[in-house]
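Engineer: First the structure, then my questions, so here it is.
The values are calculated or read from the model by the stated rules, or taken from the named source; none is laboratory data. Remember, it's a predicted structure, so these values are computed and weren't measured experimentally. Note: ideal-geometry Cβ built from the backbone for every residue, glycine included; neighbour counts use all protein chains shown. Only protein heavy atoms, including side chains, enter the accessible area calculation; ligands, DNA and RNA are left aside. Shrake-Rupley method; radii C 1.70, N 1.55, O 1.52, S 1.80 Å.
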Amino acid sequence: MSDELWILVTMAGVIALLAMVALVMFAPPRPSVPADGPIRIAVKPFEDIEPDPEQIYLGDSLARGFAQSLERYARFEGSVGDGPARFHLTGKVRKKGTRLAVQTQVTSDGRLFWSHAFDVKEDDRATATAKAVDALAHRMKVSLKNAASA
């Protein structure tokens, strides 16, 4: 290998290494869950990818379902809309016959914290919503409310 080629290869390697170090050093911190106190989650109405004139409130209905399911957990405070919250849950829904394809994600300060996708029968969306919230609660290490405090 010629000296010039060796120098170019070495320089490229050093530049790649410096780029990786800069990515690690200057990357924004990952969203974290507060150790105590309430975890406020603003649930925005879901985007209906293929709106059906007969179900114009499908996205709103799913958002309300998620907010209600959040209330089963001790530290979650869910609200529908753009209220003050550390976390924001957004989603998309597509109706395929009698089934719904739902994609959800939770962000904090514009950074992705959690995402979940599921396909469910339309008449079983409450169960599917509860399971998705269970997955989010598991990720955030939040437990169900005690029966005495519910």
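Engineer: Note down the magnitude of the dipole of the range 29-109 about its Cα centre, charges +1 on Lys and Arg C-beta and -1 on Asp and Glu C-beta and zero elsewhere, to the nearest 20 debye.
Structural biologist: About 300 debye.
Engineer: Separate question: Report, in debye and to the nearest 20, how large the dipole of the chain comes out about its Cα centre when Lys and Arg carry +1 and Asp and Glu carry -1 on their Cβ.
Structural biologist: Values: 19 positive and 18 negative charges, 115 e Å.
For the chain, the charge dipole is close to 560 debye.
Engineer: With a 1.4 Å probe and all protein chains kept in place, how much accessible area does Asp119 have, in Å² rounded to the nearest 10?
Structural biologist: Roughly 80 Å² of Asp119 is accessible to a 1.4 Å probe.
Engineer: For the chain, what is the relative contact order in percent, using Cα pairs closer than 8 Å and at least 6 residues apart in sequence?
Structural biologist: Once divided by the residue count of the chain, the mean separation gives 22 percent.
Engineer: Ok, one more. What list of ³J(HN,Hα) couplings, whole Hz, do you get for the range 58-64 from phi and the Karplus terms 6.51, -1.76, 1.60, once you set θ to phi - 60° and write x for glycine and proline?
Structural biologist: Taking θ as phi minus 60°, the curve returns 4, x, 5, 4, 5, 4, 4 Hz for the range 58-64.
Engineer: To the nearest 20 Debye, how big is the dipole of the range 70-150 about its Cα centre, given +1 on the beta carbon of each Lys and Arg and -1 on that of each Asp and Glu? Mind showing how you got there, number by number?
Structural biologist: Values: 15 positive and 9 negative charges, 45 e Å.
Its charge dipole is roughly 220 debye.
Engineer: Based solely on C-alpha atoms, express the radius of gyration and the Dmax of the chain in angstrom.
Structural biologist: Looking at the chain, its Cα Rg and Dmax stand at 21.6, 77 Å.
Engineer: Would you mind checking which residues have amide H under 5 Å from Val43's amide H? H placed 1.01 Å from N; only 5 or more apart, or other chain.
Structural biologist: Long-range HN contacts for Val43: Ser79, Val80, Gly81, Leu89.
Engineer: Would you grab the residues whose amide H sits under 5 Å from the one on Val142? Only those 5+ places off in sequence or on another chain, please, with H modelled 1.01 Å from N.
Structural biologist: none
Engineer: Turning to a different aspect of this structure: Counting only protein heavy atoms, what percent of the accessible surface of the chain is carbon or sulfur at a 1.4 Å probe?
Structural biologist: After summing per-atom areas, the C and S share lands at 59 percent.
Engineer: Taking the Cα centre of the chain as the origin and placing charges on Cβ (Lys, Arg +1; Asp, Glu -1), which of Ala130, Gly81, Leu5 is farthest toward the positive end of the dipole?
Structural biologist: Ala130
Engineer: Under 5 Å between amide H atoms, partner at least 5 residues away or on a different chain: which partners does Phe113 have, H built in plane at 1.01 Å?
Structural biologist: Amide H neighbours of Phe113, under 5 Å, 5+ apart: Val106, Thr107, Ser108.
Engineer: Can you tell me the orientation of helix 3-26 relative to the chain, as the angle in degrees between its alpha-carbon axis and the longest Cα principal axis, to the nearest 10?
Structural biologist: 30
Engineer: Return the sequence-ordered ³J(HN,Hα) values of the range 108-123 in whole Hz as given by the Karplus equation 6.51 cos²θ - 1.76 cosθ + 1.60 applied to θ = phi - 60°, using x for Gly and Pro.
Structural biologist: So the J values, rounded to whole Hz, are 9, 6, x, 10, 5, 10, 7, 9, 7, 10, 8, 10, 8, 5, 4, 7.
Engineer: Can I ask one more? Leaving out ligands and nucleic acids, and using a 1.4 Å probe, what accessible area per residue does the range 59-150 come to in Å²?
Structural biologist: With all protein chains present, the range 59-150 gives 55 Å² per residue.
Engineer: Could you tell me what percent of the DSSP beta bridges with both partners in the range 1-126 are antiparallel, to the nearest 5?
Structural biologist: That works out to approximately 65 percent antiparallel.
Engineer: Next question, about the same structure. Can you tell me the accessible area per residue over the range 5-55, all protein chains present, probe 1.4 angstrom, in square angstrom? Walk me through the numbers before you get to the answer.
Structural biologist: Values: 3930 Å² over 51 residues.
I get 77 Å² per residue for this part.
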